[in-house]
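Trainee: Below: one structure in structure tokens.
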Amino acid sequence: LTTLRLLLGDQLNPEHSWFKHVDSEHLYTLIEMRQETDYVLHHAQKIISIFSGMRALAQRLEVEGHRVHYLRIGDPENTQTIEGNLKALIAKHRCIKFEYQQPDEWRLDAQLSSFCHALSIPSEMVSSEHFFTERLETAELFKTQKQWLMERFYRQMRVKHRVLIDASKKPEGGQWNFDHENRKRWSGTPPEPVDHTRRHDHSSLWAEIQAAGVSSFGEPQCNTFRWPVNREEALDDLERFISDVLPYFGEFQDAMSTQSWRMFHSLLSFALNVKMLSPQEVVAKAETAWRQQRISIATAEGFIRQILGWREYIRGVYWFRMPDYQDSNHFAHDTPLPTWFWTGKTKMQCVSKAVGQSLDHAYAHHIQRLMITGNFALLAGIDPSALHRWYLGIYIDAFEWVELPNTIGMSQFADAGLLATKPYVSSAAYIDRMGDYCKGCYYDKKLRVGERACPFNALYWDFFIRNASALSGNHRLGMVYRQIEKMDTESKTSLQSRAFTIRNDLDQI
Ligand code: FAD
Ligand code: SF4
């Protein structure tokens, strides 16, 4: 009398209550599938990391005494789809029940729910026991509000979960938000934290993936990449981040540097999103570091806001707006991705560095994603759906529930402002202020027109002129439109003409 329990590739939490008791009635299955490798073109490191994490969890469960059926990508009986494989397993083991953990992606949620509907045995979806919030909790909070606001959500979360809250229910440090202290530029070479992460030789797994015919892009770096394969390694990364790197994170969280691909970011998103780590333990460790006076309140708050605030809020937007959300395109942008999104070969140093390191490491930090690649794409009028598929494929931490609202909403303003109160765009001035990319770039950060003028400059003004009817009423953009009003016709025309030249042949810049 067997109950089949499915574990998806981003459900790698060995502490889930499912595993508390070892018995012979439950059969756990983890399945490597073309369905999951092929729904978008993925970075090689992402496929390798998820499969190696799945294999490590399966092995651990077996060692603990659980029954496990693992299907590798090249196994002859693997049908390469969820339905095909589950049906075969249910028949083979004469299962009397099917259970699965709540999927985070709409696509898989819909697929598994219709699969269960058609099953002749009972089925049950259980919690993945990961998030602070339920799927629709954020939508419930804002149901009577015209405008969603992350800050309001975040404060409620702080109180509800008693995070950085004092005995009188007030925020520790006397304020909710220390953002203004967290926007410093780093001058010189940032101290590269010593990287203690264990390396693995993934070359035989990579050979299996290739033999199965899976397409991918980016550097596999089978022997050198740093993504953890199990919870122990992820916990180790967390400890080292808290002690060595977090002290710098707060003040410099928006900084960029040609000398450092991670700056002072945690690199924990992969472990969090595949659930090797829980957001509760990451937040608790950061709070403890502050209570032990190892970091400032501004740093602790700035980091905790990302996880307790942004990560949960983004998930709330996703479940509220799917499935229509993926088709949002407020500005009707339709320009295809330039080829250098796949090679990093552009003369713009900031973009070349951000894309290049993404191809090398399957990682770029938030400001690179938002204010370099995302900024450029929005200014240039790139099709948000094509851009979404690129972000979903390239980043080690990219799962649709978190990637889509960040791309469509935060970065491209394609949802007309549900997630961001104004488009996150800038000219060269911001990029230069926050880092050293402009030094040594082919383009001149100060010029607006001419062949050597930084493309961000003309594109920036052209974006606001082009979209005046949609944006000029936004009170946060008053200053931009006042500056445009002051421009003479000739300046406007030459900016628009330079922007037209750039947009007409994006591959050449
Ligand atoms: P840190 O800077 O160290 O932050 C700590 C943690 O906070 C992260 O691990 C992450 O869990 C959380 N966090 C921070 N910002 C966000 C945010 N905006 N939304 C959700 N969680 C956040 N994040 C993903 O996890 N997966 C994605 O596919 C993804 N796609 C993105 C696409 C775009 C266009 C943008 C602008 C952002 C995207 N983000 C995504 C959010 C953010 O950039 C990454 O979470 C972060 O860069 C991961 O690196 P880190 O772990 O070093 O983060
Ligand atoms: Fe980027 Fe322009 Fe600066 Fe070059 S000059 S690094 S393109 S912002």
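Trainee: Roughly how many Å is it from the Cα centre of the stretch 1-35 to that of the stretch 405-445, as a whole number?
Mentor: 42
Trainee: Oh, and also: Place a point 7 Å from the Cα of L149 along the Cα-to-Cβ direction; which residues of the stretch 413-437 have their backbone N under 17 Å from it?
Mentor: Within reach of a label on L149, which here means backbone N under 17 Å from a point 7 Å along Cα→Cβ, the stretch 413-437 contributes 417-422.
Trainee: Give the peptides 435-443, 314-322 in descending order of average Cβ contacts within 10 Å, highest first.
Mentor: Listed from highest to lowest mean packing, they are 314-322, 435-443.
Trainee: Taking the Cα centre as origin and putting +1 on Lys and Arg beta-carbons and -1 on Asp and Glu beta-carbons, what dipole magnitude results for the chain, to the nearest 20 debye?
Mentor: 1280
Trainee: Now, a different point. Can you compute the modelled spin-label distance between K160 and S24, with each label point 7 Å from Cα toward Cβ, in nm?
Mentor: Result: 4.4 nm between the two label points.
Trainee: Do you know the relative contact order of the stretch 2-126, to the nearest whole percent, from alpha carbon pairs under 8 angstrom that are 6+ apart?
Mentor: On the way: 154 pairs, mean separation 40.8, N = 125.
Result for the stretch 2-126 is 33 percent.
Trainee: From the square roots a ≥ b ≥ c of the eigenvalues of the alpha-carbon gyration tensor of the stretch 306-391, which class results: rounded (a/c under 1.5), prolate (a/b over b/c), or oblate?
Mentor: In terms of gyration-tensor shape, oblate.
Trainee: Say the dipole of the stretch 2-126 comes from +1 at the beta carbon of Lys and Arg and -1 at that of Asp and Glu; which of M33, A88, H117 then lies farthest toward its positive end?
Mentor: Of the listed residues, the answer is A88.
Trainee: Based on the alpha-carbon gyration tensor of the stretch 339-508 and its eigenvalue square roots a ≥ b ≥ c, which shape applies: rounded if a/c is under 1.5, prolate if not and a/b is larger than b/c, or oblate?
Mentor: The shape class here is oblate.
Trainee: Spelling out what I want: for every residue of the stretch 191-207, take phi, set θ = phi - 60°, compute 6.51 cos²θ - 1.76 cosθ + 1.60 (Karplus), and round to whole Hz; glycine and proline get x.
Mentor: Along the stretch 191-207, the couplings run x, 6, x, 5, 9, 8, 4, 5, 9, 10, 9, 9, 5, 6, 4, 4, 5 Hz.
Trainee: Convert 37 °C to kelvin, take the viscosity as 0.692 mPa s, use the Kirkwood radius over C-alpha pairs of the stretch 2-126 as Rh, and evaluate the Stokes-Einstein diffusion coefficient in µm²/s, rounded to a whole number.
Mentor: It diffuses with D of about 220 µm²/s by this estimate.
Trainee: In addition: Classify the chain as rounded, prolate or oblate from the Cα gyration tensor: take a ≥ b ≥ c as the square roots of its eigenvalues, call it rounded if a/c is under 1.5, otherwise prolate when a/b beats b/c and oblate if not.
Mentor: Judged from the Cα gyration tensor, the chain comes out prolate (a/c at least 1.5, a/b above b/c).
Trainee: Which value, in debye to the nearest 20, gives the size of the charge dipole of the stretch 143-268 about its Cα centre, when Lys and Arg are +1 and Asp and Glu are -1 at the Cβ? Intermediate values should be presented prior to the final figure.
Mentor: Details: 18 positive and 18 negative charges, 199 e Å.
Computed about the Cα centre, the dipole is about 960 debye.
Trainee: Binned at 5 Å from 0, what are the whole-percent values of the Cα-Cα distance distribution for the stretch 137-321, short to long?
Mentor: All Cα pairs considered, the percentages come to 1, 7, 13, 16, 18, 15, 12, 8, 5, 3, 1, 0, 0.
Trainee: So, one more: So for each of 334-346, 219-231 I average, over its residues, the number of other beta carbons within 10 Å; can you give me the resulting order with the highest mean first? The partial results should precede the final answer.
Mentor: Numbers: 334-346: 15.8, 219-231: 19.3.
Those peptides, ordered most packed to least, come out 219-231, 334-346.
Trainee: What is the packing order of peptides 427-434, 348-355, 269-276, taking the mean over residues of other C-beta atoms within 10 Å and listing the highest first?
Mentor: Final packing ranking: 269-276, 348-355, 427-434.
Trainee: Count the lysine pairs in the stretch 339-508 whose Cα atoms lie under 13 Å apart, taking only pairs 8 or more positions apart in sequence or on different chains. Show your work: numbers first, answer last.
Mentor: Values: K345/K353; K347/K439; K347/K445; K353/K439.
Within the stretch 339-508, the lysine pair count is 4.
Coordinate-derived values only; no laboratory data. Small disclaimer: the values here were computed from a predicted structure and weren't measured. Here Cβ is always computed from backbone atoms with ideal geometry, including for glycine, and neighbour counts include all displayed protein chains.
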